[in-house]
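Visitor: Handing you a structure now.
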Amino acid sequence: MSAGKHQASPATRGEHTQSHAPRHARPMLRVSLRNIAAHKVRLLLSVLAVVLGTAFVTGSLVFTSTLKNTFDGLLEQGTADLSVQIEPADPRGAGVPFGVAEEVLEVPGVAAAVPGVSGTVVVFNADGTPYQSGGAPSEGIAWIEPERAVGSSNELVDGRAPAADGEVVLPAGVLEGAGLAIGDPAQVYTTSDGMLDVTVVGSYTSSTDVGGYVGVGFTSEQARALFTDGENASSVAIRAEEGVDSGQLRDTIAAQYPDLTVSTGEEVKERLSEQLGTLLDFINYFFVAFGLIALLVGTFIIYNTFSMLVAQRLRELALLRAIGASRGQITRSVLAEAAVTGIVGSAIGVVAGFGLAQLIFMVLDAFDLGIPSGSLALTTSSVVVPLVLGFVVTLFSAWAPARRAGRVAPVQGMRVGAVATEAGGGMRTYVGVLAVIAGVALALIGTWQDTTKAGAITVGVGAAALIIGSFLVMPTLARPIAGGIGRVIGAPFGAVGKLAATNAGRNTRRTAATAFALTLGLTLVAAFGTLGATTKESISGIIDQDINADVVVQGVASQGPPVPLPGAIEQRIAGVDEVGEVAYLAFAFGLIGGEQQLISAAGGPVEELIDARVVDGSLQPEEDSLVVSRSVARDKGWTYGTTVPLVGPDGSEYTLRVTGVYEDSQVLGQFYIGSQMYEQLVPETLRTTFNVLVTPAEGYTSEQALEAVTAELADTPIAMVQNKQEYIDQQTGGVDQLLTIIYALLGLALVVAVLGIVNTLALSVIERRTEIGMLRAVGMQRSQVRRTINLESTQIAVFGALIGAAMGVYLGWAFVTVLAGSGLQMTTIPWGMIGIVLVCSAFVGVLASLWPAHRAAKTGPLEAITD
């Protein structure tokens, strides 16, 4: 036969290839699925990276959705029969006159009207210690019989309602938790009257029970005396008669009281729900961010995994090409494996996320933190978003290795052994260097910006550029830096150490991608650590510098802000023989300069006990003084001698005169008035003290003054007496708690990074099976093989950690510098913590290598060589 008879034209060959493509698609899919089934361990390691990230995203969405649904349910119950609510036009005003609650009963269609009466209280356990509410509200209320209640109703379960002063009812859970029983004497602290001796006469449950809630029910008369000025309630809740339209009733009442705010129950519920949603959104964003960080770290693991799979299957892919598989089919087969990995990992992650959300609720419930829980909310977003994220991230990570697989030529099937190729990275390195330079420059420029917002944005963009650039540059750095680290670490181990150090430079891109997962985690840890350490040091420095007192007295702060101290407690302290000077701070509300403000009030020798730098005038307030910070004076245009109008909560009008300007002070706040003006603004029954500053009298030490004040306030267990250092430690404790939470969440990313090292080393062992067999054949012992893998893993971990620590410290410094205007002082770098993390990274490297090293050591010389 002639040659022409057997040859097809190029067009015909193209048509032939295209016509066979669909027939190859199904066999190629089967190849992909069989590959996955044949390497279950490899699949498990890849899937875990996706599972951790998606589980955290799912758990966050489910947790916040469940909270939102539960709180909405409580709001629904609490406003079920609330038709109209009357509130003061200014929420910080005096309130709604009690007479309104009586007058509104005459309005046609009104069935009940209940004035809101409540105030801060602390219940004491049977052993005399404060009852911990776990962050839930702890308040005294006016007991209202269920048939007269509006909104949430309380129902007695045992005992009776309070009938006289000194009788109270408590929630059944609080009664049990405090070790009290009906008929027992108890103590309740109130901000107006201090400690009260009461008798528990009943227990109740509420339609809107929240775990940890403390509601001490007094008689209406005693509650008014304790928690109001005697003339105004916080609001008035109204229940309409059946069939009356709440909107029309609102309009009728609003016309009668034009100076008050009148809303329907539905409007109140929507407002509260919106406020709750804003808070929960912040929590959701906070948690989801860490889930996305875990997914981002997972992308490098998945990229590494598929890059190595392509290298190991080079002959297999080449043979598939030789028997007719097209480039596109090979690429799609690798992406199919990635798709299965993404789908399986995301699906497991979603299920695990629901379990994680349930675990969070169980922990919160165990600690009685006042967070209500209900059945887990199954929302579309909590399932679809993590599934899509996990799937897309996995496909994106596998895209470059899949394209590389498609470029495999059929002739490569004739090569012996797996060939771990590494693409050249000249352009990649140049782009990376430029990105690193741009990132460093932008972060530096951000520290020079005039506004905090502009600076933070600029530093944020610089951080992104620096992180991306470091990822591109790290393969180039792997050989000199990782190899150098390997030589240092491996020096005591002789030839084994040299071999491990050499391995890092054999596939620098793989080494860099493995290390970068740890780099990203350590960057965040170092940045947050620097920010946290600087914040702590700034708070400590400010308090130490601004407060000249030796003893500080404030209310207990078991959860949230300190409980206000009884008014005039400073007078008791001043009467102690061992006490010298006494200054104090309190708070009031008022309309100052046309704006509603929380106003500090200071009494006693302020200039001596608070060391703020005076710009003009004096720190010591007079009867009509307003002493302001420099920044407020500049913004408002106030100078020494400026008169400023003040309107009190009850509408009383005053004129203040600026008598002092000081450099911004965290202790004094934006501005403050004197004790005389404070007493005019706040009724005696509502006066409280925020804290008291004390110096010892002449001839006495700080310790003696501390002991004397503690003894004087023994009958006021709500008062916490501390020396200055104890006060500083207590003020900075919140920073430590927040950092602990952040580090725990970042630990998720570090766990993923460790899995990445395990995954890479395990696949690397498979890839180097023949090489390891040869080493075993020439005399290398199993223990030496294990040690080689251990050292290789350690140098990769330390390499990633060093780069991450360096970037984190720089970015932390940049953010701290930008926030200097918010009170942060000189940058404090937590070198000790960073050093510990670096040492831990070395241990992490060893731990991550245990299983791969064990597998490598099991490699038989003859079996490996025959491969």
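Visitor: Can you work out which of the residues in segment 402-419 that are in a helix (DSSP H, G or I) and touching a Leu at 6+ places or on another chain (Cβ under 7 Å) is modelled with the lowest pLDDT?
Guide: GLY413
Visitor: Being part of a loop (DSSP other than H, G, I, E, B) and of a type in the set (Val, Ile, Thr) is the filter here, so list the residues in segment 597-646 that pass it.
Guide: Result: THR639, THR642.
Visitor: What are the residues in segment 605-614 that are at pLDDT below 90 and touching an Asp or Glu at 6+ places or on another chain (Cβ under 7 Å), if any?
Guide: Hits for segment 605-614 are GLU608, LEU609, ILE610, ASP611, ALA612, ARG613.
Visitor: Here's a follow-up. Against the definition (assigned by TED's automatic domain parsing to the domain that holds ASN759, modelled with pLDDT under 85 and in contact with a Ser or Thr (Cβ under 6 Å, 6 or more places away or on another chain)), how does ALA864 come out, yes or no?
Guide: Here the answer is yes, as ALA864 does meet what is asked.
Residue by residue, here is whether (1) assigned to a loop (DSSP other than H, G, I, E, B); (2) buried (at least 19 other Cβ atoms within 10 Å of the Cβ) holds:
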position	(1), (2)
GLY243	yes, no
LEU249	no, yes
ALA254	no, no
GLU267	no, no
GLU270	no, no
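Visitor: Note down all Cβ pairs under 7 Å where the first residue falls in segment 646-658 and is touching a residue at least 60 places away in the same chain (Cβ under 8 Å), the second is acidic (Asp, Glu), and they're at least six residues apart or on different chains.
Guide: LEU656/ASP624
Visitor: Counting only residues that are modelled with pLDDT under 85 and part of a helix (DSSP H, G or I), how many does segment 651-705 have?
Guide: Residues in segment 651-705 being modelled with pLDDT under 85 and part of a helix (DSSP H, G or I): 3 in total.
Visitor: Got a sec? Which of GLY747, GLY733, GLY699, GLY669 is surrounded by fewer than 21 Cβ atoms within 10 Å (Cβ to Cβ), of a type outside the set (Ser, Thr, Tyr) and closer than 27 Å to SER307 by Cβ?
Guide: Only one candidate qualifies: GLY747.
Yes or no, residue by residue, for (1) part of a loop (DSSP other than H, G, I, E, B); (2) hydroxyl-bearing (Ser, Thr, Tyr); (3) in contact with a Leu (Cβ under 8 Å, 6 or more places away or on another chain):
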site	(1), (2), (3)
ALA801	no, no, yes
GLY808	no, no, yes
GLY812	no, no, yes
VAL816	no, no, yes
THR827	yes, yes, no
ILE836	no, no, no
CYS840	no, no, no
PHE843	no, no, no
ALA848	no, no, yes
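Visitor: Quick check on segment 636-650: of everything there that is β-branched (Val, Ile, Thr) and at pLDDT 90 or above, which residue is nearest to SER618 (Cα to Cα)?
Guide: Only one residue tops the list, namely THR639.
Visitor: Can I ask one more? Across segment 576-597, what is the number of residues that are charged (D, E, K, R) and surrounded by 19 or more Cβ atoms within 10 Å (Cβ to Cβ)?
Guide: Here is the first cut: in segment 576-597, the residues charged (D, E, K, R) are 577-578, 581, 595.
Filter once more, so that each one left must be surrounded by 19 or more Cβ atoms within 10 Å (Cβ to Cβ): 578.
Here the count works out to 1.
Visitor: Name the residues in segment 256-265 that are modelled with pLDDT of 90 or more and assigned to a helix (DSSP H, G or I), would you?
Guide: GLN256
Visitor: Something else now. Tell me, please, whether a residue that is more than 18 Å from VAL385 (Cβ to Cβ), part of a helix (DSSP H, G or I) and either touching a helix residue (DSSP H, G or I) at 6+ places or on another chain (Cβ under 8 Å) or in contact (Cβ under 8 Å) with a residue 60 or more places away in the chain (or both) can be found in segment 274-286.
Guide: yes
Visitor: Still on this structure: Among the listed residues GLY73, GLY119, identify the single one that is surrounded by fewer than 17 Cβ atoms within 10 Å (Cβ to Cβ) and either among the β-branched types (Val, Ile, Thr) or touching a residue at least 12 places away in the same chain (Cβ under 8 Å) (or both).
Guide: Going through GLY73, GLY119 in turn, the sole match is GLY73.
Visitor: So if I check each of LYS68, LYS40, which one is modelled with pLDDT under 75, among the charged types (D, E, K, R) and in the same structural domain as ALA377 (by TED's automatic domain parsing)? Step through it out loud before you land on a result.
Guide: Numbers: LYS68 fails: modelled with pLDDT under 75.
The unique qualifying residue is LYS40.
Visitor: Here is a further query. I'd like the full set of residues that are within 12 Å of GLU595 (Cα to Cα) and touching a Ser or Thr at 6+ places or on another chain (Cβ under 8 Å), limited to segment 644-660.
Guide: Passing the criteria: VAL644, PRO645, LEU646.
Visitor: Moving to a separate point now. Could you tell me which numbered condition VAL107 fails, if it satisfies all but one of (1) at pLDDT 85 or above; (2) touching a strand residue (DSSP E or B) at 6+ places or on another chain (Cβ under 6 Å)?
Guide: Single failed check for VAL107: (2).
Visitor: Now, a different point. Could you figure out which of (1) buried (at least 21 other Cβ atoms within 10 Å of the Cβ); (2) in the same structural domain as SER375 (by TED's automatic domain parsing) isn't true of ALA80?
Guide: ALA80 satisfies all of (1) buried (at least 21 other Cβ atoms within 10 Å of the Cβ); (2) in the same structural domain as SER375 (by TED's automatic domain parsing) except (1).
Visitor: What helices (runs of 4 or more DSSP H) lie completely within segment 464-570 and have 3 or more residues being closer than 27 Å to GLN666 by Cβ and out of contact with any helix residue (DSSP H, G or I) (no Cβ under 9 Å at 6 or more places or on another chain)? Please lay out each step first, then the result.
Guide: Values: elements: 483-490, 495-503, 508-546.
Qualifying helices (runs of 4 or more DSSP H): 508-546.
Visitor: Filter segment 314-328 down to the residues that are of a type in the set (A, V, I, L, M, F, W, C) and within 20 Å of GLU767 (Cβ to Cβ), then identify the one that is surrounded by the most Cβ atoms within 10 Å (Cβ to Cβ). Full working, then the answer.
Guide: Of all residues in segment 314-328, those of a type in the set (A, V, I, L, M, F, W, C) come to 314, 317-320, 322-323, 325.
Now drop any that are not within 20 Å of GLU767 (Cβ to Cβ), which leaves 314, 317-320.
On the way: LEU314: 19, LEU317: 27, ALA318: 20, LEU319: 16, LEU320: 23.
Here the residue is LEU317.
Visitor: Of the conditions (1) among the small types (Gly, Ala, Ser); (2) under 12 Å from VAL694 (Cα atoms); (3) under 26 Å from the mean Cα position of the chain (by Cα), GLY575 clears all except one; give me its number.
Guide: All conditions pass for GLY575, except number (3).
Visitor: Can you tell me which of (1) without any contact (Cβ under 8 Å) to a residue 12 or more places away in the chain; (2) in contact with a Ser or Thr (Cβ under 9 Å, 6 or more places away or on another chain); (3) of a type outside the set (Val, Ile, Thr) is the one ALA801 doesn't meet?
Guide: (1)
Visitor: Could you list, in sequence order, all residues of segment 142-184 that are more than 13 Å from VAL214 (Cβ to Cβ), part of a loop (DSSP other than H, G, I, E, B), of a type in the set (A, V, I, L, M) and in contact (Cβ under 8 Å) with a residue 40 or more places away in the chain?
Guide: Correct list: ILE144, VAL150, ALA161, ALA163, ALA164.
Visitor: I'd like to verify a number: residues in segment 211-225 that are modelled with pLDDT under 90 and crowded, with 19+ Cβ neighbours inside 10 Å, how many?
Guide: 4
Visitor: Any chance you could count how many residues in segment 708-724 are surrounded by fewer than 15 Cβ atoms within 10 Å (Cβ to Cβ) and either touching a helix residue (DSSP H, G or I) at 6+ places or on another chain (Cβ under 6 Å) or modelled with pLDDT of 90 or more (or both)?
Guide: Result for segment 708-724: 1.
The values are calculated or read from the model by the stated rules, or taken from the named source; none is laboratory data. It should be emphasised that the depicted structure is a prediction, and the values quoted were computed from it without experimental measurement. Cβ sites come from the backbone with ideal geometry, for glycine too, and all protein chains shown count toward neighbours.
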